[in-house]
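K.L.:
Sharing a structure, written as C-alpha cells. Questions coming.
The values are calculated or read from the model by the stated rules, or taken from the named source; none is laboratory data. These numbers come from a predicted model, not from an experiment. Cβ placement follows ideal geometry from the backbone for every residue including glycine, while neighbour counts extend to all protein chains displayed. Each accessible area value is taken on the protein alone, full model and side chains, heavy atoms only, with ligands, DNA and RNA left out. Shrake-Rupley method; radii C 1.70, N 1.55, O 1.52, S 1.80 Å.
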Amino acid sequence: MWLVRPWLGGVAMVALVVIWLGALAWSVQLRRSGMYDGLGEAAATVRLNGIALWCYLQSAEQWRERVRELRASGAPAEQSLAARSALANRLRAAWLVAAGDEQHALALEYLRRAVRAAPERVDLRCLLIRARADAAEDVDPKMEFLRLAYRHDAACALWMLGEIFWQDGQPEAAEAYLRRAVARKPELAGAHLLLAEIERADGNRKAALA
C-alpha cells in the first residue's frame, strides 16, 4: 500500500496539470474572441466595415472551434448550445455589418449560417424570414411566421404577424398578435409603437400615448 500511494499522487498531479492547461487554453481562446469582438464594435462605430466584418468572422471562428471541441468531447448539451449560440451571435453581427455596407447577398449568407449554427434560436429564424422576404426570395413570410408563432409562441413571429396584418388592413388581427407579442416579451419597442399607431388610427389618442 505504501508503494502505491506515490504512484497515485503522481497520476493525480499529472491530471491536475492537464486540467489546468486545458482551462488556460480555453480562457486564452475566450480572451481572443473577446478581443475580436471589441475591435469589431470599435471598427463598426467608425464605419470601418471591412475591418469590423473581419473581426466578427475571426471571433466566430474561435467559437466554431470551441463547438467542435465540445462535440468531440461529448460535452453536455447545455454547453454545446451556449457555444453554438455564441457562434451565431458573431455571425449575426457579421450580417448586420454586411447589410449596412449593402453587401446583401453576403449578409444573407451570414444570417443563414447563424441559423444553421443555432437552429433553436427562433429570434434568428425570424430575422432570416424577414431578410429573405426583403431580398425577394421565394418565401411566404406570413405562413412562415404563423408556423413559428403556433409552434413556439415566439414573440418575434407574433410581432411580425402584427405588422403583416396591419399592412393588409386587418387592424383587429394585428392588435391581437401585437398584444400577445408584448405579453411574451415586454421590451419589444417596435410592437408597442405599432400598437400605439393602431390606437391612434382608431381615435384612441390617450391609449396611444400610454
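K.L.:
Can you say whether G190 is in contact with a helix residue (DSSP H, G or I) (Cβ under 6 Å, 6 or more places away or on another chain), under 19 Å from E144 (Cβ atoms) and of a type outside the set (V, I, T), as far as the supplied structure shows?
P.N.:
No, not satisfied.
K.L.:
Right, here's the next one. How many of the residues in segment 34-61 are surrounded by fewer than 19 Cβ atoms within 10 Å (Cβ to Cβ) and among the small types (G, A, S)?
P.N.:
Counting residues in segment 34-61 that are surrounded by fewer than 19 Cβ atoms within 10 Å (Cβ to Cβ) and among the small types (G, A, S) gives 4.
K.L.:
Let me confirm something: among R71, R66, which residue is without any contact (Cβ under 8 Å) to a residue 24 or more places away in the chain and over 17 Å from Y110 (Cα atoms)?
P.N.:
R71
K.L.:
Could I ask something else about it? Looking at (1) open to solvent by less than 60 Å² (accessible area, probe 1.4 Å); (2) out of contact with any Cys (no Cβ under 8 Å at 6 or more places or on another chain); (3) aliphatic (A, V, I, L, M), find the lone condition where V122 falls short.
P.N.:
For V122, the failing item is (2).
K.L.:
Pick out the one residue from E163, E187 that is closer than 29 Å to H104 by Cβ and assigned to a loop (DSSP other than H, G, I, E, B).
P.N.:
E187
K.L.:
Further question: Being more than 14 Å from L158 (Cα to Cα) and either among the acidic types (D, E) or in contact (Cβ under 8 Å) with a residue 24 or more places away in the chain (or both) is the filter; apply it to segment 184-210 and report the residue that is most open to solvent (accessible area, probe 1.4 Å).
P.N.:
Looking at the filtered set, the residue picked out is D202.
K.L.:
Does A135 fit the bill of being closer than 25 Å to A107 by Cβ and either open to solvent by 70 Å² or more (accessible area, probe 1.4 Å) or at pLDDT below 95 (or both)?
P.N.:
yes
K.L.:
Given (1) under 26 Å from V122 (Cα atoms); (2) open to solvent by 60 Å² or more (accessible area, probe 1.4 Å); (3) in a helix (DSSP H, G or I), identify the lone condition not met by Y177.
P.N.:
Status for Y177: all satisfied but (2).
K.L.:
Which of (1) open to solvent by less than 60 Å² (accessible area, probe 1.4 Å); (2) at pLDDT below 95; (3) assigned to a helix (DSSP H, G or I) is the odd one out, the single condition L128 does not satisfy?
P.N.:
Going through the list (1) open to solvent by less than 60 Å² (accessible area, probe 1.4 Å); (2) at pLDDT below 95; (3) assigned to a helix (DSSP H, G or I), L128 breaks only (2).
K.L.:
Further question on the same structure: Only one residue in R68, R64, R92, R84 is within 28 Å of D134 (Cα to Cα), at pLDDT 90 or above, part of a helix (DSSP H, G or I) and open to solvent by 60 Å² or more (accessible area, probe 1.4 Å). Which one?
P.N.:
Going through R68, R64, R92, R84 in turn, just one is within 28 Å of D134 (Cα to Cα), at pLDDT 90 or above, part of a helix (DSSP H, G or I) and open to solvent by 60 Å² or more (accessible area, probe 1.4 Å): R92.
K.L.:
The conditions are (1) more than 30 Å from R68 (Cβ to Cβ); (2) of a type outside the set (F, W, Y); (3) part of a loop (DSSP other than H, G, I, E, B), and E120 fails exactly one of them. Which is it?
P.N.:
Looking at each condition in turn, E120 falls short on (1).
K.L.:
Go over the candidates E65, E78 one by one and state the one that is closer than 18 Å to E120 by Cβ and among the acidic types (D, E).
P.N.:
Being closer than 18 Å to E120 by Cβ and among the acidic types (D, E) holds for just one of E65, E78, which is E78.
K.L.:
Only one of these conditions is not met by E102: (1) part of a helix (DSSP H, G or I); (2) open to solvent by 30 Å² or more (accessible area, probe 1.4 Å). Which number is it?
P.N.:
That leaves (1) as the condition not met.
K.L.:
Scan segment 163-171 and give yes if some residue there is open to solvent by 60 Å² or more (accessible area, probe 1.4 Å), in contact (Cβ under 8 Å) with a residue 24 or more places away in the chain and within 24 Å of A131 (Cβ to Cβ), otherwise no.
P.N.:
Checking segment 163-171: at least one residue is open to solvent by 60 Å² or more (accessible area, probe 1.4 Å), in contact (Cβ under 8 Å) with a residue 24 or more places away in the chain and within 24 Å of A131 (Cβ to Cβ).
K.L.:
Among the residues of segment 192-206, write down those that are more than 17 Å from A181 (Cβ to Cβ) and among the hydrophobic types (A, V, I, L, M, F, W, C).
P.N.:
Once the filter is applied, which keeps residues that are more than 17 Å from A181 (Cβ to Cβ) and among the hydrophobic types (A, V, I, L, M, F, W, C), segment 192-206 yields only A201.
K.L.:
Is it fair to say A114 is closer than 30 Å to R68 by Cα, crowded, with 19+ Cβ neighbours inside 10 Å and either of a type in the set (S, T, N, Q) or modelled with pLDDT of 95 or more (or both)?
P.N.:
Yes.
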